[in-house]
Amino acid sequence: MVSERLTRLMSPQTTSGPVVTRFAPSPTGFLHIGGGRTALFNWLFARGRGGKFLLRIEDTDRERSTPEATAAILKGLTWLGLDWDGDVVSQAAGRDRHAEVAHEMLARGTAYKCFSTPEEIAAFRAAQEAAGASYAVFQSPWRDADPASHPQAPYAIRMKAPRLGETIIDDKVQGRVTIRNETLDDMIVLRSDGTPTYMLAVVVDDHDMGVTHVIRGDDHLNNAARQQMVYAAMDWPVPVWAHIPLIHGPDGKKLSKRHGATGVEEYQAMGYPAAGMRNYLTRLGWAHGDMEIFTSAEAMAVFSLEGIGRAPARLDFKKLESTCGHHIAVMDDAALLHELEGYLAAAAKPALTPLQRARLLQAMPVLKERSKNFPELLEKASFALISRPVVAEPKAAESLDTVSRGILKTLTPRLQHASWTKETLEPILNGIAAENGIGFGKLAAPLRAALAGRSVTPSVFDMMLVIGREETIARLDEAAA
RNA sequence: GGCCCGUUCGUCUAUCGGUUAGGACACCAGGUUUUCAACCUGGGAAGAGGGGUUCGACUCCCCUACGGGCUGCCA
């Protein structure tokens, strides 16, 4: 699924050129909801400025990367409606280029060969700890070693990080972040087995792909300082940074499995429409005045990095549902039905029959205004989905007593030739109620039981209109018998 | 441990030195009603704590507390 990586194609970008953003997940599982939001912000920002939104799979960790995970991530993005430009880039496919850059840095003198073994480094740390130091950055003895003293052995390539001064990350979300260089180590960019590390790969890929704005989780904020060393070592322009806070669970702790749904696909299976998810996720950590309910196009028009908050936001299902409810209410009926069928498939529920689909489409106007998610909509649509004989639930059956059944019997003849509109039906039902000396509510209950087999349903008129005269009379006759 | 980031109603947030601190979700009360919703009206609800700076701080600075992140030949 991941195509050949893009080869070097962009000229060095300038900050005034077209916007290029990217989403770069590791394929180690499904698309995390936090990752989905990161992708969303990148998408909104690029699309809102006529720029490009690229997708790169960071699969350099062959141990943990799987093609299934890559497929799951693509599927999640697709469901969310986040379309990317060009081919999906595989980071692993760029090893040679990454190694080439590492050697170039070697040639420039901004990196050096380090012959220290992992064991020696571990020993160094243990010694530091034993000496009472809480922690110390590893200082390779090879940093300034005479090449003549280099042994014939495998070596890693490390950055020659500045020991003095400070590195400043000019971040659009976090502001100016200053990191003292002494806290930065000579990070390894090429392992002793010749493979590149993530720190090198991201920078090379972002540069080669022409990425102008790096919008990612703030767990990378400190990494940005390290990565900036590579840009400097290669004389490459540094992209605009925007480190966004992570999403937390309702309890304020980092979102994890015990909070329930962490994967985007789970939200589809729970029956939330993509447009509602996008709206909710956009507002989670970003705001533009009092703007609450909006389409993605509207969001793109005003989305800015400056509008992103600095504190982690908590997931609130109540608000998610409310937001989705607004979107469901205004969605096009056919589109809604289509997405609902996608939900059915995602939730491994039986597909709709042609008759059910037709009735659902007809009932959509009355159903969509009162549903916050698809399960709820389907619940309200029950009357349209069932087929005769209608089996009344216990609570509904109670309203089908002898008297009520008698009333229903007198009703059907009058429906026989009535024109099938609410305007005609309403006086007929009101008349029946009046003749029997009962309020309309008393008549509605047995009607609900007969038409839907339930005590909670949409309006009786709406149900009659959707299932039609023939089916209405048939259901009433069966219930009255 | 060190370094970095964060902290406004229960939740998401507005405010970018001067406001009765606004909106949304949720909650409570009332209204409407054909059940459930939806809808309408009203209500309670916030600047973590302590120091500064200033005529004036939610807003700027410092400290503390709490939360998060980074600190790997993981990404």
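For the Cα trace of region A:309-374, dividing Rg by the Kirkwood Rh returns an Rg/Rh value of 1.09.
Positive-end ranking of A:ALA126, A:PHE294, A:HIS150 along the dipole of chain A, with charges on Cβ about the Cα centre, is headed by A:PHE294. Computed from the C-beta positions of A:HIS338 and A:ASP251, the FRET efficiency with R₀ = 41 Å rounds to 0.70.
With respect to chain A, whose longest principal axis is taken over its alpha-carbon atoms, helix A:333-346 is tilted by about 70°.
Straight-line cross-link reach from A:LYS113 at under 17 Å between alpha-carbon atoms covers these aspartates and glutamates, not counting any fewer than eight positions away in the same chain: A:GLU100, A:GLU104, A:ASP144, A:ASP146, A:ASP185, A:ASP186, A:ASP193. Taking the Cα atoms of region A:160-281, the ratio Rg/Rh between the radius of gyration and the Kirkwood radius comes to 1.06. Hydrodynamic estimate: the Kirkwood radius of region A:251-393 over Cα pairs, inserted into Stokes-Einstein at 20 °C and 1.002 mPa s, corresponds to D of 128 µm²/s.
Principal-axis analysis of the Cα atoms of chain A puts helix A:67-80 at an angle of about 50° to the longest axis.
Taken along the Cα-to-beta-carbon direction at a fixed 7 Å, the label points for A:THR183 and A:ASP87 span 4.1 nm.
Let's test the formula: R0 of 35 Å, r as the Cβ-Cβ distance of A:ARG310 and A:ASP61. What FRET efficiency results, to the nearest 0.05?
Working: r = 30 Å, r/R0 = 0.85.
Efficiency computed from Cβ-Cβ geometry: 0.70.
Length available on full extension from A:THR28 to A:ARG405: 0.36 nm per residue minus the Cα-Cα distance, which gives 129.6 nm.
For chain A, the longest principal axis of the C-alpha atoms and the axis of helix A:402-415 are separated by about 90°.
Here the accessible area is traced with a 1.4 Å probe on the protein chains. For region A:34-85, carbon and sulfur cover 49 percent of it. Protection proxy ranking, highest mean first, for peptides A:145-156, A:47-58: A:47-58, A:145-156, where packing is the per-residue count of other beta-carbon atoms within 10 Å, averaged. Per-peptide packing, taken as the mean over residues of other Cβ atoms within 10 Å, places A:458-465, A:81-88 in the sequence A:458-465, A:81-88 from highest down. Rolling a 1.4 Å probe over the protein heavy atoms leaves A:THR402 with an accessible area of roughly 110 Å². Take the Cα coordinates of chain A, assign each an equal point scatterer, and use the Debye formula without solvent to give log10 I(q)/I(0) at q = 0.07, 0.09, 0.12 Å⁻¹. Listed by q, the Debye log ratios stand at -0.53, -0.73, -1.06. Relative to the 2.2 N^0.38 Å rule of thumb, region A:40-153 has a C-alpha radius of gyration ratio of 1.60. Shape of region A:82-147 from the C-alpha gyration tensor: oblate (a/c of 1.5 or more and a/b not above b/c, with a ≥ b ≥ c the square roots of its eigenvalues). For the cross-link pairs A:LYS349/A:LYS372; A:LYS52/A:LYS319; A:LYS349/A:LYS422; A:LYS257/A:LYS349, the ones whose C-alpha atoms lie over 26 Å apart are A:LYS52/A:LYS319; A:LYS349/A:LYS422.
Tell me the per residue accessible area of chain A using a 1.4 Å probe; a whole number in Å² is fine.
On the way: 22250 Å² over 481 residues.
With all protein chains present, chain A gives 46 Å² per residue.
At 10 °C and 1.306 mPa s, what whole-number value in µm²/s does Stokes-Einstein give for the translational diffusion of region A:398-460, with Rh from the Kirkwood sum over Cα pairs? Can you show the working numbers first?
Values: Rh = 11.9 Å.
It diffuses with D of about 133 µm²/s by this estimate.
The coefficient of translational diffusion for region A:319-413, derived via Stokes-Einstein from the alpha carbon Kirkwood radius under 4 °C and 1.567 mPa s, stands at 85 µm²/s. Its alpha carbons considered, region A:243-284 gives a radius of gyration followed by a Dmax of 11.1, 30 Å. With a/c under 1.5 counting as rounded, go ahead and sort region A:104-205 into rounded, prolate or oblate using the C-alpha gyration tensor (a ≥ b ≥ c being the square roots of the eigenvalues; past the cut-off, prolate if a/b is larger than b/c, else oblate). Since a/c reaches 1.5 but b/c is at least a/b, the shape of region A:104-205 is classed as oblate.
Take the Cα of A:HIS103, go 7 Å toward its beta carbon, and none of the backbone nitrogen atoms of region A:229-245 fall under 17 Å from that spot.
The value of relative contact order for region A:267-315, using C-alpha pairs under 8 Å at least six residues apart, is 42 percent. How far apart, in nm, are two points set 7 Å out from the Cα along the Cα-to-Cβ line at A:ALA131 and at A:ILE428? The answer from the label model is 9.5 nm.
The values are calculated or read from the model by the stated rules, or taken from the named source; none is laboratory data. The shown structure was predicted, so the numbers you read here are calculated from the model rather than taken from an experiment. Methodologically, a virtual Cβ is constructed for each residue, glycine included, from the backbone with ideal geometry; neighbour enumeration extends over all protein chains shown. With ligands, DNA and RNA removed, areas are computed over all heavy atoms of the protein, side chains included. Shrake-Rupley method; radii C 1.70, N 1.55, O 1.52, S 1.80 Å.
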